[in-house]
Amino acid sequence: MERELTMEFARVTEAAALASARWVGRGEKESADDAAVEAMRSVFDTIHMSGTVVIGEGEMDEAPMLYIGERVGSGEAPELDVAVDPLEGTNSCAKGLAGAIAVMAIAEKGGLLHAPDMYMDKIAVGPAAKGKINIDAPVKENLSNVAEALGKNINDLTVVIMDRPRHEKLIQEVRDAGARIRLITDGDVSPAVACGIEGSGVDMMIGVGGAPEGVLAAAALRCLGGEMQGRLWPENDADIERAKKLGIDDVSKLLTMEDLVKSDDVFFAATGITEGPLLRAVNFTSQGASTHTVVMRGRTGTVRFIEAQHRFDKKPQYAMKGVLKENTRA
Ligand SMILES: O=P(O)(O)OC[C@H]1O[C@](O)(COP(=O)(O)O)[C@@H](O)[C@@H]1O
Ligand SMILES: [Mn+2]
Ligand SMILES: [Mn+2]
(Lines give C-alpha, C1' and ligand atoms only; values in the text may rest on other atoms or scores of the structure.)
(Ligands and ions follow the chains in the order given, each with its own letter.)
Protein backbone atom coordinates (compact mmCIF):
# COMPACT_ATOMS: atom_id res chain seq x y z
CA MET A 1 0.00 0.00 0.00
CA GLU A 2 1.23 3.47 -0.84
CA ARG A 3 2.41 5.71 1.97
CA GLU A 4 0.31 8.61 0.67
CA LEU A 5 -2.75 6.81 1.99
CA THR A 6 -1.79 7.59 5.61
CA MET A 7 -2.87 11.20 5.23
CA GLU A 8 -6.12 10.12 3.63
CA PHE A 9 -6.89 7.82 6.55
CA ALA A 10 -6.16 10.62 9.02
CA ARG A 11 -8.87 12.62 7.23
CA VAL A 12 -11.29 9.75 7.72
CA THR A 13 -10.88 9.48 11.50
CA GLU A 14 -10.69 13.26 11.90
CA ALA A 15 -14.06 13.64 10.21
CA ALA A 16 -15.64 10.98 12.43
CA ALA A 17 -14.15 12.52 15.57
CA LEU A 18 -15.25 16.04 14.64
CA ALA A 19 -18.80 14.88 13.98
CA SER A 20 -19.23 12.84 17.16
CA ALA A 21 -17.44 15.42 19.33
CA ARG A 22 -20.52 17.61 18.84
CA TRP A 23 -22.41 15.04 20.90
CA VAL A 24 -20.00 14.83 23.83
CA GLY A 25 -21.91 14.79 27.09
CA ARG A 26 -25.35 15.09 25.49
CA GLY A 27 -26.39 11.65 26.68
CA GLU A 28 -27.42 10.58 23.20
CA LYS A 29 -25.37 7.53 22.26
CA GLU A 30 -27.16 6.86 19.00
CA SER A 31 -26.83 10.37 17.64
CA ALA A 32 -23.14 10.40 18.49
CA ASP A 33 -22.64 7.06 16.76
CA ASP A 34 -24.68 8.02 13.70
CA ALA A 35 -22.75 11.26 13.30
CA ALA A 36 -19.40 9.44 13.40
CA VAL A 37 -20.53 6.73 10.98
CA GLU A 38 -21.96 9.17 8.47
CA ALA A 39 -18.89 11.41 8.52
CA MET A 40 -16.50 8.48 8.16
CA ARG A 41 -18.54 6.99 5.35
CA SER A 42 -18.58 10.18 3.31
CA VAL A 43 -14.81 10.77 3.50
CA PHE A 44 -14.06 7.21 2.38
CA ASP A 45 -15.61 7.83 -1.00
CA THR A 46 -13.07 10.57 -1.72
CA ILE A 47 -10.14 8.12 -1.41
CA HIS A 48 -8.66 6.33 -4.41
CA MET A 49 -9.11 2.74 -3.26
CA SER A 50 -11.47 -0.22 -3.44
CA GLY A 51 -12.22 -1.15 0.13
CA THR A 52 -14.37 -3.89 1.63
CA VAL A 53 -15.50 -3.43 5.22
CA VAL A 54 -14.48 -6.56 7.15
CA ILE A 55 -14.99 -5.08 10.61
CA GLY A 56 -17.71 -2.50 10.82
CA GLU A 57 -21.01 -1.49 12.32
CA GLY A 58 -22.63 -4.93 12.00
CA GLU A 59 -24.30 -7.18 9.46
CA MET A 60 -25.89 -5.64 6.39
CA ASP A 61 -29.43 -5.89 7.82
CA GLU A 62 -28.54 -4.25 11.12
CA ALA A 63 -26.42 -1.30 9.99
CA PRO A 64 -27.32 1.25 7.32
CA MET A 65 -23.70 2.26 6.70
CA LEU A 66 -20.26 0.71 7.09
CA TYR A 67 -21.80 -2.74 7.40
CA ILE A 68 -19.68 -5.83 6.91
CA GLY A 69 -19.17 -6.45 3.21
CA GLU A 70 -19.94 -2.85 2.20
CA ARG A 71 -17.72 -1.41 -0.51
CA VAL A 72 -16.03 1.89 0.29
CA GLY A 73 -13.70 4.16 -1.65
CA SER A 74 -13.69 5.44 -5.22
CA GLY A 75 -13.55 1.95 -6.73
CA GLU A 76 -10.04 2.26 -8.15
CA ALA A 77 -7.06 0.06 -7.18
CA PRO A 78 -5.77 -0.96 -4.65
CA GLU A 79 -8.14 -3.60 -3.29
CA LEU A 80 -8.07 -3.35 0.50
CA ASP A 81 -9.76 -4.68 3.62
CA VAL A 82 -11.11 -2.05 5.98
CA ALA A 83 -11.76 -2.28 9.74
CA VAL A 84 -13.59 0.62 11.33
CA ASP A 85 -15.00 1.70 14.65
CA PRO A 86 -16.20 5.25 13.88
CA LEU A 87 -17.04 5.85 17.54
CA GLU A 88 -15.10 3.60 19.88
CA GLY A 89 -16.28 4.44 23.39
CA THR A 90 -19.86 5.46 22.65
CA ASN A 91 -20.77 5.65 26.33
CA SER A 92 -17.72 7.78 27.10
CA CYS A 93 -18.70 10.18 24.34
CA ALA A 94 -22.34 10.39 25.44
CA LYS A 95 -21.34 10.96 29.05
CA GLY A 96 -18.36 13.20 28.29
CA LEU A 97 -15.94 10.76 29.90
CA ALA A 98 -12.39 10.00 28.80
CA GLY A 99 -11.34 7.47 26.19
CA ALA A 100 -13.53 7.94 23.09
CA ILE A 101 -11.75 7.74 19.73
CA ALA A 102 -12.57 7.33 16.04
CA VAL A 103 -10.46 4.48 14.69
CA MET A 104 -9.72 2.44 11.59
CA ALA A 105 -7.21 -0.06 10.22
CA ILE A 106 -6.56 -1.02 6.62
CA ALA A 107 -4.69 -3.98 5.18
CA GLU A 108 -4.33 -5.75 1.87
CA LYS A 109 -7.12 -8.17 1.06
CA GLY A 110 -7.23 -10.99 3.63
CA GLY A 111 -4.83 -9.18 5.95
CA LEU A 112 -7.16 -8.74 8.94
CA LEU A 113 -8.98 -11.37 11.00
CA HIS A 114 -12.69 -11.18 10.24
CA ALA A 115 -13.61 -10.91 13.89
CA PRO A 116 -17.20 -11.70 14.80
CA ASP A 117 -19.19 -9.25 16.89
CA MET A 118 -18.59 -10.94 20.25
CA TYR A 119 -16.15 -10.80 23.14
CA MET A 120 -12.45 -11.60 23.07
CA ASP A 121 -10.07 -12.14 25.94
CA LYS A 122 -6.97 -10.02 25.29
CA ILE A 123 -3.53 -9.22 26.58
CA ALA A 124 -1.50 -6.38 25.04
CA VAL A 125 1.98 -4.98 25.60
CA GLY A 126 4.45 -2.68 23.85
CA PRO A 127 7.63 -3.58 21.92
CA ALA A 128 9.90 -3.97 24.96
CA ALA A 129 7.70 -6.77 26.32
CA LYS A 130 7.06 -8.48 22.99
CA GLY A 131 7.49 -12.25 23.33
CA LYS A 132 7.10 -12.06 27.12
CA ILE A 133 3.36 -12.62 27.39
CA ASN A 134 1.24 -15.75 27.34
CA ILE A 135 -2.52 -15.40 27.64
CA ASP A 136 -2.69 -18.90 29.17
CA ALA A 137 -0.15 -18.21 31.92
CA PRO A 138 -1.17 -16.99 35.38
CA VAL A 139 -1.54 -13.17 35.49
CA LYS A 140 1.22 -12.90 38.04
CA GLU A 141 3.66 -14.64 35.73
CA ASN A 142 2.81 -12.26 32.87
CA LEU A 143 3.18 -9.24 35.14
CA SER A 144 6.51 -10.38 36.43
CA ASN A 145 7.86 -11.13 32.93
CA VAL A 146 6.63 -7.81 31.57
CA ALA A 147 8.06 -5.91 34.55
CA GLU A 148 11.42 -7.55 33.99
CA ALA A 149 11.36 -6.77 30.26
CA LEU A 150 10.54 -3.12 31.00
CA GLY A 151 13.16 -2.88 33.73
CA LYS A 152 10.52 -1.97 36.32
CA ASN A 153 9.21 -3.38 39.56
CA ILE A 154 5.79 -5.00 39.35
CA ASN A 155 4.61 -2.26 41.74
CA ASP A 156 5.38 0.34 39.10
CA LEU A 157 3.51 -1.34 36.27
CA THR A 158 0.27 0.28 35.10
CA VAL A 159 -2.29 -2.19 33.85
CA VAL A 160 -5.53 -1.09 32.20
CA ILE A 161 -8.59 -3.25 32.77
CA MET A 162 -12.23 -2.61 31.91
CA ASP A 163 -14.31 -2.10 35.03
CA ARG A 164 -16.69 -5.02 34.60
CA PRO A 165 -18.04 -7.73 36.94
CA ARG A 166 -16.49 -10.34 34.63
CA HIS A 167 -13.06 -9.00 35.65
CA GLU A 168 -13.50 -9.24 39.41
CA LYS A 169 -11.10 -12.18 39.79
CA LEU A 170 -8.61 -10.74 37.32
CA ILE A 171 -8.54 -7.39 39.12
CA GLN A 172 -7.93 -9.13 42.43
CA GLU A 173 -5.08 -11.16 40.95
CA VAL A 174 -3.40 -8.07 39.51
CA ARG A 175 -3.76 -6.28 42.86
CA ASP A 176 -2.40 -9.31 44.72
CA ALA A 177 0.61 -9.29 42.39
CA GLY A 178 1.19 -5.65 43.36
CA ALA A 179 0.69 -3.84 40.04
CA ARG A 180 -1.19 -0.56 39.64
CA ILE A 181 -4.53 -0.73 37.85
CA ARG A 182 -6.43 1.87 35.88
CA LEU A 183 -10.03 0.76 35.60
CA ILE A 184 -11.78 2.14 32.55
CA THR A 185 -15.51 2.43 31.92
CA ASP A 186 -15.28 2.00 28.15
CA GLY A 187 -12.96 1.87 25.19
CA ASP A 188 -10.20 -0.72 25.37
CA VAL A 189 -8.62 0.10 21.98
CA SER A 190 -6.84 3.27 23.03
CA PRO A 191 -5.14 1.81 26.15
CA ALA A 192 -4.09 -1.30 24.19
CA VAL A 193 -2.47 0.91 21.54
CA ALA A 194 -0.99 3.16 24.25
CA CYS A 195 1.01 0.15 25.53
CA GLY A 196 3.13 0.56 22.40
CA ILE A 197 3.76 4.29 22.83
CA GLU A 198 6.60 5.15 25.14
CA GLY A 199 5.61 7.57 27.85
CA SER A 200 1.86 6.93 27.51
CA GLY A 201 1.75 5.65 31.08
CA VAL A 202 0.17 2.33 30.10
CA ASP A 203 2.27 -0.85 30.31
CA MET A 204 -0.31 -3.52 29.73
CA MET A 205 -3.99 -3.99 28.84
CA ILE A 206 -5.73 -7.17 29.87
CA GLY A 207 -9.23 -8.53 29.98
CA VAL A 208 -12.30 -9.28 27.93
CA GLY A 209 -13.61 -6.69 25.47
CA GLY A 210 -14.91 -6.64 21.91
CA ALA A 211 -13.28 -8.95 19.36
CA PRO A 212 -13.44 -6.34 16.56
CA GLU A 213 -11.67 -3.91 18.91
CA GLY A 214 -9.02 -6.60 19.42
CA VAL A 215 -8.20 -6.64 15.72
CA LEU A 216 -8.08 -2.83 15.54
CA ALA A 217 -5.67 -2.64 18.48
CA ALA A 218 -3.58 -5.49 17.06
CA ALA A 219 -3.18 -3.55 13.80
CA ALA A 220 -1.66 -0.64 15.72
CA LEU A 221 0.53 -2.90 17.82
CA ARG A 222 1.76 -4.55 14.63
CA CYS A 223 2.92 -1.11 13.40
CA LEU A 224 4.42 -0.31 16.81
CA GLY A 225 6.21 -3.65 17.22
CA GLY A 226 4.20 -4.59 20.29
CA GLU A 227 2.18 -7.72 20.89
CA MET A 228 -1.38 -8.79 21.51
CA GLN A 229 -2.76 -12.25 22.10
CA GLY A 230 -6.47 -12.97 22.04
CA ARG A 231 -9.00 -15.72 22.40
CA LEU A 232 -12.65 -15.45 21.46
CA TRP A 233 -14.95 -15.46 24.49
CA PRO A 234 -18.29 -16.79 23.27
CA GLU A 235 -21.23 -16.31 25.61
CA ASN A 236 -23.64 -18.69 23.87
CA ASP A 237 -24.17 -20.96 20.86
CA ALA A 238 -25.13 -18.00 18.70
CA ASP A 239 -21.66 -16.53 19.25
CA ILE A 240 -20.04 -19.80 18.22
CA GLU A 241 -22.20 -19.89 15.08
CA ARG A 242 -21.29 -16.29 14.30
CA ALA A 243 -17.59 -17.12 14.52
CA LYS A 244 -18.03 -20.16 12.27
CA LYS A 245 -19.85 -18.08 9.69
CA LEU A 246 -16.73 -15.92 9.46
CA GLY A 247 -14.49 -18.94 8.99
CA ILE A 248 -13.30 -19.42 12.58
CA ASP A 249 -14.05 -23.09 13.24
CA ASP A 250 -12.08 -23.40 16.47
CA VAL A 251 -13.34 -20.64 18.76
CA SER A 252 -10.94 -21.67 21.51
CA LYS A 253 -7.86 -21.06 19.34
CA LEU A 254 -5.20 -18.78 20.77
CA LEU A 255 -5.04 -15.86 18.35
CA THR A 256 -1.52 -14.56 17.84
CA MET A 257 -0.44 -11.35 16.11
CA GLU A 258 -0.18 -13.30 12.86
CA ASP A 259 -3.77 -14.51 13.21
CA LEU A 260 -5.13 -11.08 14.09
CA VAL A 261 -3.16 -9.09 11.49
CA LYS A 262 -1.46 -11.20 8.84
CA SER A 263 1.29 -8.94 7.57
CA ASP A 264 3.16 -5.71 8.15
CA ASP A 265 1.34 -4.20 5.22
CA VAL A 266 -1.14 -2.46 7.45
CA PHE A 267 -2.16 1.10 8.32
CA PHE A 268 -3.79 2.35 11.50
CA ALA A 269 -5.37 5.73 12.20
CA ALA A 270 -7.19 7.12 15.24
CA THR A 271 -8.40 10.55 16.31
CA GLY A 272 -9.25 11.49 19.89
CA ILE A 273 -12.83 12.53 20.64
CA THR A 274 -12.49 12.85 24.40
CA GLU A 275 -9.05 12.85 26.07
CA GLY A 276 -7.27 9.54 26.59
CA PRO A 277 -3.91 7.89 27.17
CA LEU A 278 -3.11 8.10 23.47
CA LEU A 279 -4.77 11.21 22.10
CA ARG A 280 -6.17 14.55 23.13
CA ALA A 281 -9.81 15.51 22.72
CA VAL A 282 -11.44 17.50 19.93
CA ASN A 283 -11.42 21.12 21.06
CA PHE A 284 -13.82 23.66 19.65
CA THR A 285 -12.51 27.16 19.09
CA SER A 286 -13.93 30.42 17.79
CA GLN A 287 -12.80 29.44 14.28
CA GLY A 288 -13.52 25.74 14.22
CA ALA A 289 -11.90 22.86 16.03
CA SER A 290 -8.59 21.15 16.66
CA THR A 291 -8.01 17.41 16.40
CA HIS A 292 -5.25 15.07 17.54
CA THR A 293 -4.64 12.04 15.37
CA VAL A 294 -2.14 9.20 15.21
CA VAL A 295 -1.36 7.39 11.96
CA MET A 296 0.97 4.43 11.62
CA ARG A 297 2.30 2.28 8.83
CA GLY A 298 3.37 -1.29 9.54
CA ARG A 299 5.91 -1.63 6.77
CA THR A 300 8.12 1.20 7.96
CA GLY A 301 6.95 1.46 11.56
CA THR A 302 6.57 5.23 11.18
CA VAL A 303 4.21 6.74 13.73
CA ARG A 304 2.92 10.26 13.17
CA PHE A 305 0.93 12.39 15.58
CA ILE A 306 -0.99 15.02 13.69
CA GLU A 307 -2.36 18.12 15.33
CA ALA A 308 -4.86 19.73 12.98
CA GLN A 309 -6.83 22.96 13.01
CA HIS A 310 -10.12 22.81 11.11
CA ARG A 311 -11.88 25.95 9.89
CA PHE A 312 -15.65 25.71 9.83
CA ASP A 313 -16.02 28.74 7.55
CA LYS A 314 -14.02 26.88 4.90
CA LYS A 315 -15.35 23.42 5.70
CA PRO A 316 -19.05 23.96 6.34
CA GLN A 317 -19.65 20.22 6.37
CA TYR A 318 -18.15 20.11 9.86
CA ALA A 319 -20.08 23.06 11.23
CA MET A 320 -22.83 22.24 13.71
CA LYS A 321 -24.16 19.40 11.62
CA GLY A 322 -27.12 17.74 13.24
CA VAL A 323 -26.76 19.53 16.56
CA LEU A 324 -29.35 21.64 18.37
CA LYS A 325 -30.05 24.93 16.61
CA GLU A 326 -29.86 27.05 19.75
CA ASN A 327 -26.17 26.21 19.98
CA THR A 328 -25.30 28.23 16.94
CA ARG A 329 -23.84 31.66 17.54
CA ALA A 330 -26.06 34.69 17.25
O1 LIG B 1 -19.30 -2.77 27.29
P2 LIG B 1 -18.90 -4.19 27.08
O3 LIG B 1 -20.07 -5.07 26.71
O4 LIG B 1 -18.12 -4.72 28.24
O5 LIG B 1 -17.96 -4.26 25.76
C6 LIG B 1 -16.67 -3.78 25.76
C7 LIG B 1 -16.35 -3.17 24.42
O8 LIG B 1 -17.18 -2.01 24.23
C9 LIG B 1 -16.35 -0.85 24.17
O10 LIG B 1 -16.10 -0.36 25.49
C11 LIG B 1 -17.03 0.28 23.42
O12 LIG B 1 -17.24 0.03 22.05
P13 LIG B 1 -18.32 0.87 21.21
O14 LIG B 1 -18.38 2.25 21.77
O15 LIG B 1 -17.77 0.85 19.82
O16 LIG B 1 -19.63 0.19 21.31
C17 LIG B 1 -15.06 -1.38 23.58
O18 LIG B 1 -13.94 -0.58 23.78
C19 LIG B 1 -14.93 -2.69 24.31
O20 LIG B 1 -14.07 -3.58 23.63
MN1 LIG C 1 -15.96 -0.16 19.88
MN1 LIG D 1 -18.36 1.88 18.06
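Run the quick spin-label model on Thr256 and Arg166: label points 7 Å from Cα toward the beta carbon, then report their separation in nm to one decimal.
So the label points at Thr256 and Arg166 sit 2.5 nm apart.
DSSP loop GluC sites (Glu not before Pro) in the range 28-106 with at most 10 other Cβ atoms within 10 Å of their Cβ, which ones?
Answer by residue number: Glu62, Glu76.
Pick out which of Asp203, Asp186, Asp237 has the largest mean-square fluctuation in a Gaussian network model of the chain, springs linking Cα atoms closer than 10 Å.
Result: Asp237 has the largest fluctuation of those listed.
Based on the alpha-carbon gyration tensor of the range 23-67 and its eigenvalue square roots a ≥ b ≥ c, which shape applies: rounded if a/c is under 1.5, prolate if not and a/b is larger than b/c, or oblate?
Note, shape of the range 23-67 comes out oblate.
For Asp136 paired with Lys314, estimate the spin-label separation in nm (one decimal), with each label point 7 Å from Cα along the Cα-to-Cβ line.
The answer from the label model is 5.6 nm.
Can you send over the solvent-accessible area of His114, 1.4 Å probe, protein chains only, in Å² to the nearest 10?
His114 exposes around 70 Å² with every protein chain in place.
Lys and Arg at +1, Asp and Glu at -1: add these up for the other residues within a Cβ distance under 10 Å of Thr158 and post the number.
Local net charge: +1.
So which trypsin sites (Lys or Arg not before Pro) in the range 84-157 are both in a DSSP loop and have at most 15 other Cβ atoms within 10 Å of their Cβ?
Lys109, Lys152
Just to check, using Stokes-Einstein with a Kirkwood Rh over alpha carbon pairs, what's the diffusion coefficient of the range 119-260 at 25 °C and 0.890 mPa s in µm²/s?
163
Rounded to the nearest 20 debye, what is the charge dipole size of the chain about its Cα centre when +1 sits on each Lys and Arg Cβ and -1 on each Asp and Glu Cβ?
In total the dipole reaches around 1100 debye.
Express in nm, to one decimal, how much length is gained between Arg182 and Met60 on full extension, taking 0.36 nm for each residue of separation and deducting their alpha carbon distance.
Length difference between fully extended and current span is 40.3 nm.
Where the only charges are on Cβ atoms (+1 Lys, Arg; -1 Asp, Glu), what is the dipole of the range 65-197 about its Cα centre, to the nearest 20 debye?
The calculated dipole for the range 65-197 is roughly 480 debye.
Quick check: net charge around Glu8, other residues with Cβ under 15 Å of its Cβ, Lys/Arg +1 and Asp/Glu -1?
The answer is 0.
Quick one: net charge of Met49's neighbours, Cβ under 9 Å, K/R +1, D/E -1?
For residues surrounding Met49, the net value is -3.
How far apart, in nm, are the 7 Å Cα→Cβ label points at His48 and Phe305?
3.2
Pop out the carbon and sulfur fraction of the accessible area of the chain as a percent, whole number, probe 1.4 Å.
Ligands and nucleic acids excluded, carbon and sulfur reach 47 percent.
Return the single residue from Ile248, Ile123, Ile55 with maximal mean-square fluctuation; model: Gaussian network over the chain, springs between Cα atoms under 10 Å.
Judging by the Gaussian network model, the answer is Ile248.
Taking springs between alpha-carbon atoms closer than 10 angstrom, which of Val208, Val103, Val174 fluctuates most in the Gaussian network model of the chain?
Val174
For the chain, calculate the relative contact order in percent as a whole number, restricting contacts to Cα pairs under 8 Å that are 6 or more residues apart.
Result for the chain is 20 percent.
Give the shape of the range 19-103 as rounded, prolate or oblate, defined through the alpha-carbon gyration tensor: a ≥ b ≥ c are the square roots of its eigenvalues, a/c under 1.5 means rounded, and otherwise the shape is prolate if a/b is larger than b/c and oblate if not.
Prolate.
So which of Lys132/Lys253; Lys95/Lys140; Lys140/Lys253; Lys132/Lys245 end up more than 26 Å apart, counting from Cα to Cα?
Check vs 26 Å cut-off fails for Lys95/Lys140; Lys132/Lys245.
When a/c is below 1.5 the answer is rounded, else prolate if a/b is larger than b/c, else oblate, so apply that to the chain with a ≥ b ≥ c taken from the square roots of the Cα gyration tensor eigenvalues.
Taking the square roots of the gyration eigenvalues as a ≥ b ≥ c, the chain is prolate.
The values are calculated or read from the model by the stated rules, or taken from the named source; none is laboratory data. It should be emphasised that the depicted structure is a prediction, and the values quoted were computed from it without experimental measurement. Here Cβ is always computed from backbone atoms with ideal geometry, including for glycine, and neighbour counts include all displayed protein chains. For the accessible areas, the whole protein counts, side chains as well, though only heavy atoms, and no ligand, DNA or RNA atoms are used. Shrake-Rupley method; radii C 1.70, N 1.55, O 1.52, S 1.80 Å.
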